[in-house]
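The values are calculated or read from the model by the stated rules, or taken from the named source; none is laboratory data. None of these values were measured; they are calculated from a predicted model. With ideal geometry, Cβ positions are generated from the backbone for all residues, glycine too; neighbour counts draw on all protein chains shown. Quick note on the areas: whole protein, heavy atoms, side chains included, nothing else; ligands and nucleic acids left out. Shrake-Rupley method; radii C 1.70, N 1.55, O 1.52, S 1.80 Å.
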Amino acid sequence: MNTIALVGNPNSGKTTLFNALTGSNQRVGNWPGVTVEKREGKFKFNGKIYNVVDLPGIYSLGAFSEDEIVARDFILQNNPDVVINVVDATNIERNLYLTTQLLEMGTKIVVALNMIDEAKEKNIKFDIDTLSKKLGAPVVPIIASKRKGIDKLVKETIKVMEKDIYKRPHISYGEKIDNKIEKIEKLLQNENLKYPPKWIAIKLLEGDEYIREYIDSYICINKDSSTTKELSKILQQLKENNEDYELEIINKRYEFIKNITDKTVKRPDIPAETIT
Ligand code: GDP
Ligand code: K
Ligand code: MG
């Protein structure tokens with residue numbers, strides 16, 4: 001059975017969408033080993049049954065909280081067929097931060113641009129086609145609480161599941177960081193790892209402790225290979241030079257978002273008298 005995961009910021013409307021999709025066909029439990037709530041359900045479309053998982057609400061896919069680790073491990077290890085990224089249209093810039101990290105994971109995504117009713121009230125306008133092209137994913141405006149746009153969302157999700165015609169955009173972190181990512185990625189390419197090589201490379205440069213520990217133990221177990229020796233050398237250097245690219249990477253993600261929203265999101269002009 002195909003699995004669809006719902007990912008989004010807290011209060012973006014994930015559970016509302018989950019309920020709209022699954023109705024009473026759902027159960028609530030816990031993720032193994034943690035107290036994070038797990039919601040799973042099913043829906044039928046064109047005679048086929050799909051599994052839906054409502055992941056915890058998160059702002060990022062780092063290792064900051066159990067919620068983030070549950071979400072990212074589910075996406076990277078359980079490999080859902082598609083991730084529906086629920087985005088609050090009234091707060092799109094902030095919400096797209098998570099989207100950039102989903103793009104980094106290389107996973108198939110569909111963006112559910114939710115709360116379109118509230119965005120309309122605030123006179124926020126979107127160029128959906130361009131937004132979709134620039135994100136390399138279908139963007140479907142919805143109002144989850146009124147069940148509007150859900151059919152279209154399901155159709156686009158299944159389309160992407162069956163054949164992903166979108167080209168995911170390349171996010172550049174600047175030449176220096178890009179080169180380092182590429183070097184680590186190449187080293188990891190033929191290793192038997194539980195996360196994608198490029199994603200691991202980004203996380204190592206961000207100083208993600210959880211991934212650092214994972215890689216350190218991988219090196220320890222496979223210490224006789226030339227690859228892990230080389231990797232170990234690179235990691236040692238990062239540590240010794242106190243290299244930390246976390247802020248630079250975060251800034252580049254926001255730059256990537258701004259480049260997109262500048263061209264695709266229009267807010268009403270602020271009346272001159274309110275600017276002091
Ligand atoms: P979650 O934290 O992402 O699971 O968000 P919820 O599904 O709990 O929704 C947060 C709040 O937003 C709830 O009060 C919902 O009723 C409301 N909500 C969800 N979708 C919409 C929408 O499209 N429009 C509006 N106006 N409210 C919504
Ligand atoms: K609301
Ligand atoms: Mg929820």
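Observations, loosely collected:
- Residue in region 124-168 that is nearest to Tyr254 (Cα to Cα), counting only those that are at pLDDT below 95 and outside any helix (DSSP H, G or I): Arg168
- Selection from region 117-139 of residues that are under 9 Å from Ala89 (Cα atoms) and surrounded by 21 or more Cβ atoms within 10 Å (Cβ to Cβ): Ala119
- Residue in region 93-116 that is farthest from the chain's Cα centre (by Cα), counting only those that are open to solvent by 20 Å² or more (accessible area, probe 1.4 Å) and among the hydrophobic types (A, V, I, L, M, F, W, C): Ile116
- Across region 39-75, the qualifying residues are those that are farther than 17 Å from Val154 by Cβ and within 14 Å of ligand 1 (Cβ to nearest atom), and the one among them that is most open to solvent (accessible area, probe 1.4 Å) is Tyr59.
- Every residue from region 27-37 that is of a type outside the set (A, V, I, L, M), in contact (Cβ under 8 Å) with a residue 24 or more places away in the chain and either open to solvent by 40 Å² or more (accessible area, probe 1.4 Å) or more than 15 Å from ligand 3 (Cβ to nearest atom) (or both): Thr35
- No other residue among Leu61, Leu102, Leu96, Leu76 is out of contact with any helix residue (DSSP H, G or I) (no Cβ under 7 Å at 6 or more places or on another chain) and either in a helix (DSSP H, G or I) or within 23 Å of Ile250 (Cβ to Cβ) (or both) apart from Leu102.
- Selected residue [within 23 Å of Asn241 (Cα to Cα) and either open to solvent by 90 Å² or more (accessible area, probe 1.4 Å) or free of Cβ contacts under 8 Å to residues at least 12 places away in the same chain (or both)] from Lys148, Lys152, Lys194, Lys186: Lys186
- Residue list for region 1-17, filter: within 16 Å of ligand 2 (Cβ to nearest atom) and not polar (S, T, N, Q): Gly8, Pro10, Gly13, Lys14, Leu17
- Residue ID - nearest to Asp117 (Cα to Cα), chosen from residues in region 1-38 that are near ligand 1 (Cβ under 9 Å from one of its atoms) and assigned to a strand (DSSP E or B): Gly8
- When we screen Ile142, Ile158 for residues that are open to solvent by less than 10 Å² (accessible area, probe 1.4 Å) and either under 21 Å from the mean Cα position of the chain (by Cα) or within 16 Å of ligand 3 (Cβ to nearest atom) (or both), the only hit is Ile142.
- Single unsatisfied condition, Ile184 versus (1) assigned by the TED database to the domain that holds Gly8; (2) within 24 Å of Ile75 (Cα to Cα); (3) among the β-branched types (Val, Ile, Thr): (1)
- Of all residues in region 247-258, those that are free of Cβ contacts under 8 Å to residues at least 60 places away in the same chain and open to solvent by 80 Å² or more (accessible area, probe 1.4 Å) total 3.
- Hey, Asp178 closer than 28 Å to Val110 by Cβ, open to solvent by less than 40 Å² (accessible area, probe 1.4 Å), assigned to a helix (DSSP H, G or I) and free of Cβ contacts under 8 Å to residues at least 40 places away in the same chain or not: yes
- All of (1) modelled with pLDDT under 95; (2) not in a helix (DSSP H, G or I) hold for Tyr210 with one exception: (2).
- Any chance Leu17 is under 19 Å from the mean Cα position of the chain (by Cα), surrounded by 19 or more Cβ atoms within 10 Å (Cβ to Cβ) and not acidic (Asp, Glu): yes
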